[in-house]
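Have a look at this one.
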Amino acid sequence: MRFLSFLLAGIGLLFLSSYLYLRRMGLDAKGTTISQSITLAFVQRDMYRIADAEREQLTTQSECFSVDELISSEKMNPNDKEKGGYSFSIECDGGGTNFTVTGTHPPAPSGSPLRWPVLVIDQSMAFQEVY
């Protein structure tokens with residue numbers, strides 16, 4: 001019984017130290033942490049959905065919609081309006097064939113090592129990160 005309690009305590013200590021190590025892990029070359037990279041992946045997924053809905057709208061109606069109009073026309077989920085602190089906007093050119101979906105995050109507090117890039121996707125469905 002004593003061995004079992006030491007084994008469980010050792011496993012718990014291992015999990016706790018692994019969790020603390022991963023939370024304090026350094027930043028990568030772009031200035032993002034692991035958890036921040038995961039958040040950015042989910043934000044990019046939602047931006048891809050928005051851009052796909054906008055591209056469909058331009059193809060069928062030849063009309064550019066805003067994020068709110070895409071939600072009201074049920075072409076996108078209302079939960080996809082914001083994700084991970086990012087808010088999304090759509091800008092179209094005058095011809096109605098080109099668009100840009102932009103995801104912006106409020107600036108990090110001063111002294112924080114975190115950097116939140118501005119994410120941009122256009123009609124070619126290619127992402128850009130602007131730091």
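The values are calculated or read from the model by the stated rules, or taken from the named source; none is laboratory data. This one's a predicted model, so the numbers in the text were calculated from it and none came from an experiment. Reconstructed Cβ throughout: ideal geometry from the backbone, glycine too, with neighbour counts over all protein chains shown. Each accessible area value is taken on the protein alone, full model and side chains, heavy atoms only, with ligands, DNA and RNA left out. Shrake-Rupley method; radii C 1.70, N 1.55, O 1.52, S 1.80 Å.
Between a first residue in segment 65-84 that is free of Cβ contacts under 8 Å to residues at least 24 places away in the same chain and a second residue that is open to solvent by 80 Å² or more (accessible area, probe 1.4 Å), which pairs have beta carbons less than 7 Å apart while being 6 or more apart in sequence or on different chains?
Partner pairs satisfying both residue conditions: V67/K81; I71/P78; I71/K81; K75/E56.
Take the residues in segment 113-131 that are open to solvent by 40 Å² or more (accessible area, probe 1.4 Å) and assigned to a loop (DSSP other than H, G, I, E, B); name whichever of them is farthest from R45 (Cα to Cα).
By that ranking, first place goes to P113.
Given the conditions (1) more than 15 Å from K83 (Cα to Cα); (2) modelled with pLDDT under 90; (3) part of a helix (DSSP H, G or I); (4) not polar (S, T, N, Q), which single one is not true for E63?
(3)
Looking at this structure, is S110 closer than 23 Å to Q36 by Cα, open to solvent by 50 Å² or more (accessible area, probe 1.4 Å) and not acidic (D, E)? First the steps, then the outcome.
Numbers: closer than 23 Å to Q36 by Cα: yes; open to solvent by 50 Å² or more (accessible area, probe 1.4 Å): yes; not acidic (D, E): yes.
In short, yes.
Could you please find all residues in segment 70-88 being of a type in the set (A, V, I, L, M, F, W, C) and not in a loop (DSSP other than H, G, I, E, B)? Before you say what the answer is, go through the steps one by one.
Of segment 70-88, the ones of a type in the set (A, V, I, L, M, F, W, C) are 70-71, 76, 88.
Residues satisfying the conditions are L70, I71, F88.
E91 - would you say it is in a strand (DSSP E or B), open to solvent by 80 Å² or more (accessible area, probe 1.4 Å), modelled with pLDDT of 85 or more and not β-branched (V, I, T)?
On the way: in a strand (DSSP E or B): yes; open to solvent by 80 Å² or more (accessible area, probe 1.4 Å): yes; modelled with pLDDT of 85 or more: yes; not β-branched (V, I, T): yes.
When the stated conditions are applied, E91 passes them.
Which condition from (1) surrounded by 16 or more Cβ atoms within 10 Å (Cβ to Cβ); (2) at pLDDT 90 or above; (3) in a helix (DSSP H, G or I) is the one that V101 breaks?
Here V101 meets the rest and fails (3).
Can you list residue pairs whose Cβ atoms sit under 6 Å apart, with the first residue in segment 92-116 being under 13 Å from E54 (Cβ atoms) and the second being acidic (D, E)? Count only pairs 6 or more apart in sequence or on different chains.
F99/E54; T100/E91; T100/D122
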